[in-house]
Amino acid sequence: MRYLDAAARLESRAAARAPREWPEPPSALMPTRLDAVEVRPRTLSAGPPDAVASAVLVLVAPDREPAGGAEAEVILIERVDRGGHHSGEISFPGGRTEDDEDAPMTALREAREEVGLDANAAGVRVVGLLEPFWIPVSNFMVHPVLAIAAVPPVLRPSPDEVASIVPAPLDGFLPGARIELVEREVRGTRLRFGGYPVAGHLVWGATARVLGQLGEGLAPAHGSVAS
């Protein structure tokens, strides 16, 4: 998808004041247990009262100067593998919210710390929020903050937190994009789930579902809201 088209649709959603009204992501991305009859819920949007507030930045940017017919991409990161809950995973820049912050402030601060994002230089503008979700293993209540960059951002990974920056073409998450189904043991539970192949990585879990929701919302079928 061309960057100018994607930006215009996102701007239109912001102007309509309906940034949360996004369709469901592809059902193939939801994990199911293979070692029990129980089926996991379709969404994990409700967390416990003690969940830790956090935010991630879903940044849509041009892969080159927009005037040259740039394609839209989403900025992902590969986290340093420290053996923790989310070590080594492909995710969005983000982290826990400080006491005096809202979700957009947290997402932009974390992106600055993790990938050196200069929001002013890149012309970053927050255009809304996607559906929040709870991550049980870390007890994080995550608020995805959707933003667009006017020009390609100059990024550098923080070596303590980010192994690499992974720009992902937005086309890879539109309806009909390739989803790989895999079976894997995750923290002692055998699961089957779908993920998006991106630059030699498999993007799965909550990150994949956010990307799938973004792609579904930008599809032509939803043009009455997004165009």
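Within segment 100-154, track down each residue that is touching a residue at least 60 places away in the same chain (Cβ under 8 Å) and among the charged types (D, E, K, R).
Once the filter is applied, which keeps residues that are touching a residue at least 60 places away in the same chain (Cβ under 8 Å) and among the charged types (D, E, K, R), segment 100-154 yields only 131.
Which pairs do you get when a residue that is in a helix (DSSP H, G or I), found in segment 191-214, comes within reach of a residue that is modelled with pLDDT of 90 or more and among the β-branched types (Val, Ile, Thr), reach meaning Cβ atoms under 7 angstrom, with the pair 6+ apart or on two chains?
206/142; 207/90; 210/58; 211/74; 211/203; 214/58
Considering only segment 113-123, I want to know if a residue exists there that is open to solvent by 40 Å² or more (accessible area, probe 1.4 Å), on the phi < 0 side of the Ramachandran plot, among the small types (Gly, Ala, Ser) and in a loop (DSSP other than H, G, I, E, B).
yes
Based on this model, can you work out whether residue 168 counts as out of contact with any Lys or Arg (no Cβ under 7 Å at 6 or more places or on another chain), in a loop (DSSP other than H, G, I, E, B), open to solvent by less than 10 Å² (accessible area, probe 1.4 Å) and over 16 Å from residue 26 (Cα atoms)?
For residue 168, the condition - out of contact with any Lys or Arg (no Cβ under 7 Å at 6 or more places or on another chain), in a loop (DSSP other than H, G, I, E, B), open to solvent by less than 10 Å² (accessible area, probe 1.4 Å) and over 16 Å from residue 26 (Cα atoms) - is not met.
Only one of these is modelled with pLDDT of 95 or more and over 18 Å from the mean Cα position of the chain (by Cα): 154, 166. Name it.
154
If residue 72 meets every condition in (1) touching a His at 6+ places or on another chain (Cβ under 9 Å); (2) within 28 Å of residue 4 (Cβ to Cβ); (3) not β-branched (Val, Ile, Thr) apart from one, which number is that one?
That leaves (1) as the condition not met.
Does any residue of segment 157-164 turn out to be aliphatic (A, V, I, L, M), part of a strand (DSSP E or B) and surrounded by 17 or more Cβ atoms within 10 Å (Cβ to Cβ)?
Yes, because at least one residue in segment 157-164 is aliphatic (A, V, I, L, M), part of a strand (DSSP E or B) and surrounded by 17 or more Cβ atoms within 10 Å (Cβ to Cβ).
Every residue in segment 192-218 that is in contact with a strand residue (DSSP E or B) (Cβ under 6 Å, 6 or more places away or on another chain) and open to solvent by less than 30 Å² (accessible area, probe 1.4 Å), please.
Passing the criteria: 194, 195, 196, 198, 203, 206, 207, 208, 210.
Is it true that some residue in segment 88-95 is out of contact with any strand residue (DSSP E or B) (no Cβ under 7 Å at 6 or more places or on another chain) and surrounded by 13 or more Cβ atoms within 10 Å (Cβ to Cβ)?
Looking through segment 88-95, none of the residues is out of contact with any strand residue (DSSP E or B) (no Cβ under 7 Å at 6 or more places or on another chain) and surrounded by 13 or more Cβ atoms within 10 Å (Cβ to Cβ).
Given the criteria open to solvent by less than 60 Å² (accessible area, probe 1.4 Å), of a type outside the set (S, T, N, Q), under 21 Å from residue 187 (Cβ atoms) and touching a strand residue (DSSP E or B) at 6+ places or on another chain (Cβ under 7 Å), does residue 142 qualify?
It is true that residue 142 is open to solvent by less than 60 Å² (accessible area, probe 1.4 Å), of a type outside the set (S, T, N, Q), under 21 Å from residue 187 (Cβ atoms) and touching a strand residue (DSSP E or B) at 6+ places or on another chain (Cβ under 7 Å).
Does any residue in segment 164-183 that is touching a residue at least 12 places away in the same chain (Cβ under 8 Å) come within less than 8 Å, Cβ to Cβ, of a residue that is among the hydroxyl-bearing types (Ser, Thr, Tyr) six or more places away or on a different chain, and which pairs are these?
Pairs that qualify, where the first residue is touching a residue at least 12 places away in the same chain (Cβ under 8 Å) and the partner is among the hydroxyl-bearing types (Ser, Thr, Tyr), are 168/196; 172/196; 173/196; 177/196; 178/196; 179/196; 180/196.
Which one is modelled with the lowest pLDDT, of the residues in segment 1-31 that are of a type in the set (Ser, Thr, Tyr) and surrounded by 14 or more Cβ atoms within 10 Å (Cβ to Cβ)?
Selected residue: 12.
The values are calculated or read from the model by the stated rules, or taken from the named source; none is laboratory data. The structure displayed is predicted, hence computed values, not measured ones. Please note: Cβ atoms are built from the backbone with ideal geometry, for glycine as well, and neighbour counts cover all protein chains shown. All accessible areas refer to the heavy atoms of the entire protein, side chains included, with ligands and DNA or RNA removed. Shrake-Rupley method; radii C 1.70, N 1.55, O 1.52, S 1.80 Å.
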